[in-house]
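The structure under discussion appears below in the form of structure tokens.
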Amino acid sequence: MFKKFTNGCVRVVNRWLPDAFLFAIILSIIVFIGSMCATKMGPLQVLNAWGDSKGFWGLLSFSMQMALVLVFGSAMAAAKPCKKALRAAAGLCHNNMQAIVVTTFISTICCWLNWGFGLIAGTLLAKEVVRRVPTVDYPLLIASAYSGFVIWHAGLSGSIPLDLVAGKKFGEVLYQAPITDTVFHPMNLIMVGVILFVMPLVNYAMHPDKAHTVCIDPTLLEDEAERTYEIKTPADKMEHSKILWAITLVGGFVYIVYYFVQNGFILGLNIVNMIFLFLGILLHGDLRRYVDAISDAAGGAAGVLLQFPFYAGIMGMMVAANAEGVSLAGVISEFFVNISNNVTFPMLSFLAAGVVNFFVPSGGGQWAVQGPIMMPAGAAMGIENGRTAMAIAWGDQWTNMIQPFWALPALGIAKLSARDIMGYLVIVTLFVGVVACLGFLAWAAWF
């Protein structure tokens, strides 16, 4: 029965889900109409929110960061030492079950530690695992690698819980919560633990039978022949100079060490990218080789560069407010607040955040949209700040499974489309939704 339901989801998604770019276009149209209905603003006002610097162009910095996550991560993985390390981890897998379970488990841990690292590491591991176990269903394997991303906001790099440590001001009120009330709260750890140990088994249970398994295209597994270089001119010598390579590495790694001394072990996206960059230079052992590796990896970032501005435009329309301060995102959030009580509020906040995240798939954007509504409402009901904040954080990460926005870097590396993996991720979404809903009800009952 479970596999029939899974196969049905896969068939529906394969048949009806358009290319990720067209998906973004369709979402844009839906939000455009929804924003006009919710705010009573005219089409030109909503269109202006879509296309201005806070809309369509509001994620330029973030888009570049995400493109670099993909390019630097891919270039680093192309180095010989990194390939050997990934193959060593993949050596734990000898059959289809081990391939799915190990990939899911390691990806989930990596995403809990740092989402940027985990997003790329899981996919790179999956590509090495499939070399060892070519009989595994490749789309399911990549979906399993991406599924670990479903707990990132409950982990050490979660932007909402980290923001609350120093305090976040909404209106005239400062909301604070120590990390022990959010990431390291016992209930949050229980929910993460359930997902970490059960989700790998759920993913394997979806594996199709032999007749319906989609095996990897062998051409995707072929390593390109290693480049050879002739050093004839002074320019060639400079490009392959070990002195310039060493100076570059010293500068980069000295700064990285200095960063952690100054800030502690806080992994923001910029420092993750810097680590990927200089590790890649180190592992390639040559500046010219690294430049070529970056060139080879850059094509995978095309989806990020094209689609992220459209999602920024969607976010702009979601938060566009009329003269009374009414926005589409606010209307959705307030609906869930109005049907809540002090027991159901965190669970319904989670569901509201999941809905809003479908259109505002950015942790920082989600916090800016829902924080001013949910945090005061939770406080008025006597609910601690940490629990309300984690409800938003869990909702933010939950529907990432059926929202192609965050999957684009992984899909670029895997050379798959969104429709190839989203059918399986529907099941992951349902599973995590049940875990989170029960978890927040238990949080209210037990703590």
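The values are calculated or read from the model by the stated rules, or taken from the named source; none is laboratory data. Please read these numbers as outputs of a predicted model, since none were measured by experiment. A quick note on method: Cβ atoms are made from the backbone with ideal geometry, for glycine too, and the neighbour counts reach across all protein chains shown. To get the accessible areas, we keep the full protein, side chains included, count just its heavy atoms, and leave off ligands, DNA and RNA. Shrake-Rupley method; radii C 1.70, N 1.55, O 1.52, S 1.80 Å.
Note down the Stokes-Einstein diffusion coefficient of the range 124-220 in µm²/s, whole number, using a Kirkwood radius over alpha carbon pairs, 25 °C, and 0.890 mPa s.
On the way: Rh = 16.2 Å.
The Stokes-Einstein estimate is 152 µm²/s.
Taking 0.36 nm per residue of separation and subtracting the Cα-Cα distance, what length does fully extending Ile179 through Ala380 add?
Length gained between Ile179 and Ala380: 70.2 nm.
Modelled label-to-label distance, Ala442 and Ile29, 7 Å Cα→beta-carbon offset: nm?
Those two pseudo-labels are separated by 4.3 nm.
Placing one identical point scatterer on every Cα of the range 298-447 and ignoring solvent, what is log10 I(q)/I(0) from the Debye formula at q = 0.11, 0.15, 0.19 Å⁻¹?
At q = 0.11, 0.15, 0.19 Å⁻¹ the computed log10 ratios are -0.46, -0.79, -1.11.
Over the chain, with the other protein chains present, what is the accessible area per residue in square angstrom, probe 1.4 angstrom?
43 Å²
For the chain, set up a GNM with springs between Cα atoms under 10 Å and report which of Leu277, Leu430, Leu196 has the largest fluctuation.
In the Gaussian network model the winner is Leu430.
How large, in Å, is the chain by the Kirkwood hydrodynamic radius built from its alpha-carbon pairs?
22.9 Å
Quick one: length gained pulling Tyr255 to Leu201 fully straight, 0.36 nm per residue minus the C-alpha distance?
Here the answer is 15.3 nm.
Of Ile120, Thr103, Gln366, whose Cα points farthest to the positive end of the dipole of the chain (charges on the beta-carbon: +1 Lys, Arg; -1 Asp, Glu; origin at the Cα centre)?
Positive-end residue among those listed: Thr103.
Would you calculate the separation in nanometres between label points at Leu189 and Leu162, each defined as 7 Å from the Cα along the Cα-to-beta-carbon direction?
Taking the two extended label points, one gets 2.1 nm.
Taking the chain as a Gaussian network, Cα atoms linked when under 10 Å apart, which of Phe358, Phe345, Phe260 shows the biggest mean-square fluctuation?
Phe260
Rank these by accessible area, largest first, 1.4 Å probe: Leu279, Leu44, Leu425.
These residues rank, largest area first, as Leu44, Leu279, Leu425.
Obtain the nm distance between the two label points defined at Asn342 and Cys215 by a simple spin-label model: each point lies 7 Å from its Cα along the Cα-to-C-beta direction.
6.1 nm
By the scheme Lys and Arg +1, Asp and Glu -1, what is the net charge of all other residues having a beta-carbon under 13 Å from that of Val71?
-2
What does the convex hull of the alpha-carbon atoms of the range 61-118 project to on average, in nm²?
For the Cα atoms of the range 61-118, the hull's average projected area reads 4.6 nm².
Show me 79-88, 327-336, 296-305 ranked by packing, highest mean number of other Cβ atoms within 10 Å first.
Details: 79-88: 14.7, 327-336: 21.0, 296-305: 17.5.
Final packing ranking: 327-336, 296-305, 79-88.
How many percent of the accessible area of the chain is carbon or sulfur, using a 1.4 Å probe?
Within the chain, the accessible surface is 68 percent carbon and sulfur.
Between Gly55, Gly42, Gly264, find the one with the highest GNM mean-square fluctuation for the chain; connect C-alpha pairs within less than 10 Å.
Gly264
Among the listed pairs Lys4/Lys127; Lys83/Lys232; Lys80/Lys242, which are separated by more than 22 Å between their Cα atoms?
Lys4/Lys127; Lys83/Lys232
Once every DSSP H run of n ≥ 4 in the chain is given -39500 (n - 2.57) and the sum is divided by its residues, what mean residue ellipticity at 222 nm do you get, rounded to the nearest 500 deg cm²/dmol?
That calculation yields -23500 deg cm²/dmol at 222 nm.
In Å, what Kirkwood hydrodynamic radius results for the range 231-370 from the alpha-carbon pair distances?
Mean inverse Cα-Cα distance, inverted, gives 19.4 Å.
Looking at the range 1-153, what % of the alpha carbon pairs are farther apart than 19 Å? Intermediate results must be reported in sequence, preceding the final value.
Values: 7793 of 11628 pairs.
Pairs farther apart than 19 Å: 67 percent.
Using a 1.4 Å probe and counting only protein heavy atoms, arrange His240, His153 so the residue with the most accessible area comes first.
The ranking, largest first, comes out as His240, His153.
Long-range amide H contacts for Tyr175: which residues qualify at under 5 Å (H placed 1.01 Å from N, peptide plane, sequence gap of 5 or more or a different chain)?
Long-range HN contacts for Tyr175: Lys168, Lys169, Phe170.
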